[in-house]
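Each value in this text was obtained by applying a stated rule to the coordinates, not by laboratory testing. These numbers were taken from a predicted model, which means no experiment stands behind them. Every residue, glycine among them, receives a Cβ derived from its backbone with ideal geometry; neighbour counts consider all protein chains shown.
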Amino acid sequence: MSEYGEYVWGVYLLAGVLLGGLALMWWKSLRRLQQRLQAAKERHSA
Amino acid sequence: MKFLAKIQWPLGLLTVLVLGAGLWLVIHAPADYQQGDAVRILYVHVPAAKMSLLSYLFLTVVSGLFLWRRTETLDILAEASVAVGAAFTFITLASGSIWGKPMWGAWWAWDARLTSMLVLLILFMGLMALRNALDNPVKAARATAVLAIIGAVDLPIIHFSVVWWRTLHQPPSFAGASKQAITGDLLPPLLVMSVAFVLLGAYLLVLKSREVSARRQWEALETERLEHGHE
């Protein structure tokens, strides 16, 4: 990629970091919330 | 939400496979005779733009259905689609801007397509701010649904902006009749990347919807616990 390589890499890096970052952040948050909900349900039934 | 939990992993796997195929095609596609390698930016920009509009269209439909049926699942899907749509709209504007610098010689132009797309990003951010600003979740759901439906007027403006006005932005990339539409060897990567972005958008929507649902359940439990604690 000789011409405009830095612009092309910039776009793919930005899209990858933003979309990948969001997916990771939401997945982590979902896992944390599910663990908390499970713990709360166990507390409630005990 | 159980259905979303079931489809999340197969959808994620399919997204990775199609995205991988799309990126392989992008790497092996020839450079454009005028734009050179900068044409590869369009394989992200055009699918992201399609997903921005598709996300808002989905938001409008679920908002309308929510105002009619008042089902919480529809409001959860609306909240999730705002977050997903905002991300794709930001990528559309940023990638367009990065493409514009070498091709137009400017990062930004107050052109009809660019401006109406910026309005879409402001709408998505406004919807997020409105939901966060209202303490009553029922009022927040109703207000954001109404604003989302009003904001849908921006969709035809974005789509037809390159037809109605003389703009710097080129005509639609998929229009076969247009002289500037993407064709030939440059078309397969664009089509596969478009499918990959639709799958990615659907995956992110599923993930965010499940996260919103779990957060609301947790907040309801916490509220209940605090109320019982004060009794």
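A search for C-beta distances below 7 Å between a residue of the range B:100-112 that is touching a residue at least 24 places away in the same chain (Cβ under 8 Å) and any residue that is of a type in the set (A, V, I, L, M), counting only pairs 6+ apart in sequence or on different chains, returns B:PRO102/B:ALA38; B:MET103/B:ALA38; B:TRP104/B:LEU168; B:ALA109/B:LEU168; B:ASP111/B:LEU168. Name the residues in the range B:6-36 that are in contact (Cβ under 8 Å) with a residue 60 or more places away in the chain and not in a helix (DSSP H, G or I), would you? B:ALA29, B:PRO30, B:ASP32, B:GLN35, listed by residue number.
Report, by residue number, each residue of the range B:113-151 that is farther than 30 Å from B:GLY36 by Cα, of a type in the set (Val, Ile, Thr) and without any contact (Cβ under 8 Å) to a residue 60 or more places away in the chain. Scanning the range B:113-151 gives B:VAL119, B:ILE122, B:VAL138, B:ILE150.
Mind checking which residues of the range B:41-87 are within 14 Å of another protein chain (Cβ to nearest Cβ) and either among the acidic types (Asp, Glu) or free of Cβ contacts under 8 Å to residues at least 60 places away in the same chain (or both)? Listed by number, the residues that qualify are B:ILE41, B:HIS45, B:GLU79, B:GLY85, B:ALA86.
Does B:TRP165 qualify as being touching a Lys or Arg at 6+ places or on another chain (Cβ under 9 Å) and either in contact (Cβ under 8 Å) with a residue 12 or more places away in the chain or buried (at least 16 other Cβ atoms within 10 Å of the Cβ) (or both)? The answer is yes for B:TRP165.
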